[in-house]
Structures are given as C-alpha cells and as structure tokens.
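Everything on this sheet refers to the single structure shown next.
Throughout, read-outs are computed from the coordinates displayed, never taken from laboratory work. Keep in mind the model is a prediction, meaning the values are calculated, not measured. Cβ: placed from backbone, ideal geometry, glycine included. Neighbour counts: every protein chain shown.
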Amino acid sequence: TEPVRDDDPSIQVRRFTVDSADGQHRFRFRGRFQFDVGRADFGSGIPAVARQSAEFPRYGTIVRRARLGALGYMYKNWEWQLEADFSDIEETELANAYIAYLTPRGRIVAGHFKEPFGLEYATSSRRITFLERSAASDAYKVNREPGVMYETIRPNWYAAFGVFGGGIEFDRAVREGWALSGRASFAPYLSGTD
C-alpha cells in the first residue's frame, strides 16, 4: 500500500480553509451570528411612570450581530479581508474591507476597518467580557472608516497610527473631514509563557 499524501490544495475540516501546496496562499470563510431573546415583567405601574398607554412587550428578540466574510493571505506578505454585516434588516453594511502588506516588524493596512482606539473597542465582539462593550467605550467609540494605518507586530509593545476619512454615507450624504487616530501599549514584564 502507498502512504497517505496531502492533495493540492489542502482543506481543513474545522474551518473552511483552502491552502496552497507551497503555503503562500490561504482563503477562509468566517462568520458570526449573535441572537438575543428576552422576557421581562414590568409590573402594573410602569406604563403610568413611563407615561405610556400602550402595554409594554413582555418578550423580545434582536439580532445583535450577523456577519459573513472571507479573509486570507497571498504571496506570504499580503493579507486581505472582506466582511459584511447583516444585523440591520433594512440595509447591509460593510464591516471590513482591507488589504495589508506584512513587514517583519508590522503591517501597513489600507481600506475600510476599525480605527485604532482603546483596547475594549479593538477587541472582537467574539471575545469581549460581557454581552456589549461598556458605556464609556461606546460614548467615545470611533467607527470603521476608510483609511491607511501602520501597526507594529512586536511581543512586548504595540503601536498603531493612521489617517482616516469620513467617506460617503449609504444615503449618499457627503461627510467632510478626516481624523488622525493612534493607540499604543506595552508590557513591562513578560514571563516567556502564555
């Protein structure tokens, strides 16, 4: 019998990923669906306090996030991502659409993505501690905007800075302006373990 050999290209089962045989190219689908269901008992006095004559709903559902996208890299030094957000029933929004050039010490990114602003805002909604980000983070939250950014990839410190534009809204209303955004952090002590 002959030994088992990998075919070109290889496909992983855990995530839908296609890699080239030489390891220079990768394509992967990704997505998330976060759905909330709630039940509440407001009591009999709440309509009077809220000055509402209608009965308050006791059950509710909301699609918090519904995203579908693709990402990958090519020629070892180029990274890309394209992701759409379907959580709003009336319109689909672009979440991320960028291309990045990877250097030995960082990456240069161009496209539509999050501005570098705060750890809580930079953390993905798949990994935040609570259901939503804090009110303080949301109060000063910047948005995903078109821009150019450089960020480091270093083990004990991080820095990112970029120039971002206001762009054009989906209803074709032009917003003028631009922003300089940046974020930096460091780890004064690393133990060398996870």
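For the stretch 66-125, just say rounded, prolate or oblate: build the C-alpha gyration tensor, square-root its eigenvalues into a ≥ b ≥ c, call rounded for a/c under 1.5, and beyond that prolate if a/b exceeds b/c, oblate if not. Spell out each step's value before the answer.
Working: a/c = 2.69, a/b = 1.54, b/c = 1.75.
Oblate is the answer for the stretch 66-125, as a/c is 1.5 or above yet b/c matches or exceeds a/b.
Specify the inter-centroid distance of the stretch 113-170 and the stretch 58-76, based on alpha-carbon positions, in whole Å.
With the stretch 113-170 and the stretch 58-76 each reduced to a Cα centre, they are spaced 17 Å.
Check each of the chymotrypsin sites (Phe, Trp or Tyr not before Pro) in the stretch 64-137 and keep only those in coil by DSSP with at most 15 other C-beta atoms within 10 angstrom; list them in order.
Those that pass, being in a loop and sparsely packed, are Tyr75, Phe130.
Using 0.36 nm per residue, how much length does the chain from Asn77 to Thr123 gain when fully extended, once their Cα-Cα distance is taken away?
Value of the extension gain: 14.2 nm.
Within 11 Å, Cβ to Cβ, of Asn96, how many net charges do the neighbouring residues add up to if Lys/Arg are +1 and Asp/Glu are -1?
Combined, the nearby Lys, Arg, Asp and Glu give +1.
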